[in-house]
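Note sheet for the following structure.
Nothing in this text is a laboratory measurement; each read-out follows from the coordinates by a stated rule. All of these numbers come straight from a predicted model, not from anything done at the bench. Don't worry about glycine lacking a Cβ; one is built from the backbone with ideal geometry, like all the others, and counts go over all protein chains shown.
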Amino acid sequence: MPLRYLAFPLAALAALSACGERDDRTEITVQRFFGACQAEYGDVIDPQEAEGECGIITAMINQFEAENPDIKVVENTVFWPGYDQLTSQIAANGPPDVVTMHSSAIPDYEARDLLEPLGEDLPALGLTADDFTAAARAGVTVDGEVMGIPIDVWAPLWHINLNLFREAGLVDSQGRPIMPRSTEEFLEHADRFVEATGKPYFIQVTTKDLAGPSRIFQVYMMQQGDPVFPDPRHADFDNARGREVLKFMRDVYAGGYSVRDQDYAANVSAFLRGMGGILVDGTWMVGQFDAAAHDPDSPLYQGYAVRPVPMMFDGPPVSLVDGHNWVMPRDSSRTPEERAAALRFLRFFAENDFQWARTGHFPAYRRIIDSAQWQGLPHRDDIAIITEIGQPLPNYVRRQAPIELIVGEEVSAAFTGAKPIDAALRDMERRTNDVLQSF
Amino acid sequence: MLASQQGRRSTWDRWSGMLFVAPYLLLFVLMLVVPLVIGFRLSLTRGDLFGIREEVGFANYGRLFADPVFIQVIWNTLYFVVLTVPAFAVLGLLLALALNQQSRWAAVLRAIFFASTVLSVTVVTLIWRLVLLPEQGLAAVLANAIGAEPVAFLSSQATAMPAIAVTTIWWGIGLPMVLFLAALQQVPRDLYEAAALDGASRWRTLRSITLPSIKRTMVLVIIVEIILQFQLFGQAQLLTNGGPNNSTRPIVLFIYEAGWKQWQLGYAAAAAQILFAMIAIAAMAQYYVSSRRDAA
Amino acid sequence: MSSAAVRRVPRAAVIGVTMAAGLMVLPMLWVLILSLKDSSALMADTTTAFSPPWTLVNYANIVGDGQVAVWLLNSTIVSLLMTGGVLFLSSLAGYGFARLEFPGRNILFIVVLFGLAIPEQAVIIGRHQLFAAAEMHNTYTALVMPGLSAPFGVFLMTQYFRAIPREIDEAAMLDGASRFRVFWRVLLPLTVPAQATLGIFTFFHAWNDYWWPLISATNRDMLTLTVGIAASQQNFAQAEGLGFLMAQAVFAGLPVLIIYVIFQKYIVRAVAGAAGQ
């Protein structure tokens, strides 16, 4: 009896192993987030024809494969940010050959000696570290060692529905959006906006995807000057600055100026449907929103603008940035051929970084930032200032990914009113310190 | 006589029976006992998935009980168990009572109530997310249709866990229903005939014949559901990610986050031991209570 | 049970249960119609799903993509292997514990019973480390092996073998059959109902397993359906959109639902059979 049960799976297994065809190409595994969109872009090999992070990276990888017939790319798409899987893979001695990693996560892996330094490979890529922009270079450099090849530098931005701004009279004589210069002005504008349009002024993540609230909080903290992380083992949230930020965020929410009950997907959808004035989202959406601004059916038609998060506190001009990079996890079973193929892949990405910058991200290379081609892309002059004032969280801070979730959870609990501000700040600091002191 | 028989048996005879159980026992040791020992051992250390860094004794356990997030997580888990297990028992029984008949219609309904059980957790959460979404979800669409204000179930502390519980009950109601149906069919028919002759009311028949006869199944359902629901993970991870304000984070999600996101494997392993202890205690308590009542 | 003595269920209850069944089905129908709409239409307003035009484009995309088919195949292979393995091992062990004498038998059986109380979550970290040390993650073996150690099957089969009258094997032994032959030819065929129960339980358990495949199968080609869909679920803001996602849900759910509808009589009976033990 059990034999009959066994026969089928065994036959299936045999059939499966038999159908693996012979293939002499060198195989490299490329692991990335940015989503899966094979259905729409699986056959596109010209990145110029693609839009958005997912579309462009899919097309770029397709193009690389088309141009390098001796290399087979196994594309492993993981859900954002993918570190749970990567950690599992490294623990199991089966990491990918190259993998996307935030600048803020590199120090964690570097500290455990899990990544290959790539400084000595730069010549093979036709690069020197001086080719990177300062922010990109800082993002991949740990203790003077280049640990990855930067893809971009990104920042949270304010994406603006200019059509609604016009309705609310929040545009100047040249038709540019008027940005608040203080928290009081923010609330004033918000009031005017809601009055005129009946829609919320501010579209922000309030539930589930907690990186959003965390980033808004960190930006406002940075705008007040003093560092949030005085040293590698301590966070300093529970102070007057923290209270001021959370009180402001609470005022925005309680005053009815913000959307409610929205996760990240709902945010993007709400903005595209013209359901609010300002969306807090990253550089990666600029390309897609600009495309919507050229679509007569879109509520954003001829009505999209984008700005760095405006300075509303008393500190120096600053913007929070992070970056995406390719890194190469250590793997004793990687052959020299595979390593060489992986380097060719990295070289291809370095050479074609302009395509990636079309998403809205800042290019990681000086020559592209300086090029007329990039500067000629829409909206870039409105946000280019970030390449000068952008600052990451200090790279001595480990575990930034889980800390982002902790901070985001407490921030959203505070501004939605689920938890008193003082308690949220206390818990945020205690939980963050717990993580910072756990290793 | 037993002794003399054994004396005659060769060593092969004595041990050959072992061959039948050996393959399973090997897996039992390899996949259950060894990992249990590894897990306990890790709970006494500080380290990440890449290796142990130092021995810390029982410090992780001390930290856990001083960690308000973990305490909250235990309450969340218990709350979820309290929301779901009685519902499974009561609704499962009601459905079984209503559908314990041989009509074609009852068969169709039985099939419907069990159908969602075969779906995987990711499909279930996908479905329910599209029911519960505050603007685009089915609940909101229906609320708008009757002119009511849609509720954002998953982003309010008061409704998030109940929403996850409803999702879970929708997913798993088939199992208790079927178990009760099986039990109902084994109740001796002459008991009912006697009751009918006595002119006992429907309610009385239920109380004095049906319920006592399916007591064992009731205990089985409760124990099985306690063990299952203590292990809540996928629904919470995929629907709310533990929020809002840590109100839906169950122990298993806590373990996953500590081990895989925060790289605190020892801490995660200690939390896993506590989950183990809680399930064992809950199941044994339930068993103890029910067997005492049996004896009384 | 059709006997008149079993009281008829009141009409109100039948109506109530029918309405409840409607509530059970409603979410599934909702997802089905969503899957038949273009994603961009849904983004503007999900109520557009109630009116035409409907489209099969989401399903065409799934078929064109091929990923979901790979996940489906993986889930099928893993579930069948685990089911076959559990049936085989549990039958052997159940017979051994129920019928054979060997030193330490009772103690071993009690140890196995204790295993029933160990939840997967308590051992998953240790398992992960174990397979990592053996460099066996991202294999079918890694996905299947942990499931083979579940003590439930052994417990069930032992009870079942015990319930078979001893005279049956004694008669066969007198005919000169070997012990294995008695097990294989005589007793095993009698355990078909228990095998069905155990097989169905194991199959659905394997099919729905989430946490273990999530941390063990991390390479694209080894993902099971459950994990693969979780991945696209968390990506959907940047990826294919709602209609596609719903089509994935239908595509993933429909095969098991169809299998269930075809075999539902046996499945319900088999699950019920477990209660008798």
Item to check | chain B: DSSP helices with Cα axial extent of at least 20 Å and average Kyte-Doolittle hydropathy no lower than 1.0 | outcome: B:68-99, B:215-230
Item to check | Loop sites in the stretch C:7-68: chymotrypsin sites (Phe, Trp or Tyr not before Pro), DSSP, at most 15 other Cβ within 10 Å | outcome: C:Trp54
Checklist outcome for this item: Footprinting proxy, B:Trp170, B:Trp128: sorted fewest to most Cβ within 10 Å, the residues are B:Trp170, B:Trp128
Item to check | Cα-projected label distance for B:Gln186 with A:Arg366, points at 7 Å along beta-carbon direction, nm | outcome: 8.1
Next on the checklist: Under 30 Å between alpha carbons, and skipping anything fewer than 8 positions from A:Lys199 in its own chain: which lysines qualify?
Outcome noted: A:Lys208, A:Lys247, A:Lys419, C:Lys37
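Counting other C-beta atoms within 10 Å, which of C:His137, A:His102 has the fewest, and how do the rest follow?
Details: C:His137 23, A:His102 20.
Ranked by crowding around the Cβ, least crowded first: A:His102, C:His137.
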Item to check | Exposure proxy ranking, count of Cβ atoms within 10 Å, fewest first, for A:Ile385, C:Ile118 | outcome: A:Ile385, C:Ile118
Next on the checklist: For a test of the definition: using alpha carbon positions, the gyration tensor, and the 1.5 limit on a/c, classify the stretch C:1-114 as rounded, prolate or oblate.
Outcome noted: oblate
Checklist outcome for this item: Per residue of B:51-58, other chain Cβ atoms within 10 Å number on average 1
Item to check | Helix runs (DSSP H) in chain C reaching 27 Å along axis by Cα, Kyte-Doolittle at least 1.0 | outcome: C:11-35, C:67-99, C:242-276
Checklist outcome for this item: Rg from C-alpha atoms of the protein assembly as shown, normalised by the globular rule of thumb 2.2 N^0.38 Å, equals 1.00
Checklist entry - For the stretch C:242-271 and the stretch A:390-419, what is the separation of their C-alpha centers, rounded to whole Å? => result 41
Next on the checklist: Run the numbers for A:Ala134 and A:Gln375: contour at 0.36 nm per residue of separation, minus the present Cα-Cα distance, in nm.
Outcome noted: 85.0 nm
Checklist entry - What is the stretch C:66-234's relative contact order, in percent, from Cα pairs under 8 angstrom and six or more apart in sequence? => result 43
Checklist outcome for this item: Taking a ≥ b ≥ c as the square roots of the eigenvalues of the Cα gyration tensor, with a/c under 1.5 meaning rounded and otherwise prolate when a/b exceeds b/c and oblate if not, chain C is oblate
Item to check | Per-residue mean of C-beta atoms belonging to partner chains within 10 Å, peptide B:234-242 | outcome: 4
Checklist outcome for this item: A student applying the Cα gyration tensor rule (rounded when a/c is under 1.5; otherwise prolate if a/b is larger than b/c, oblate if not) would label the stretch B:68-295 oblate
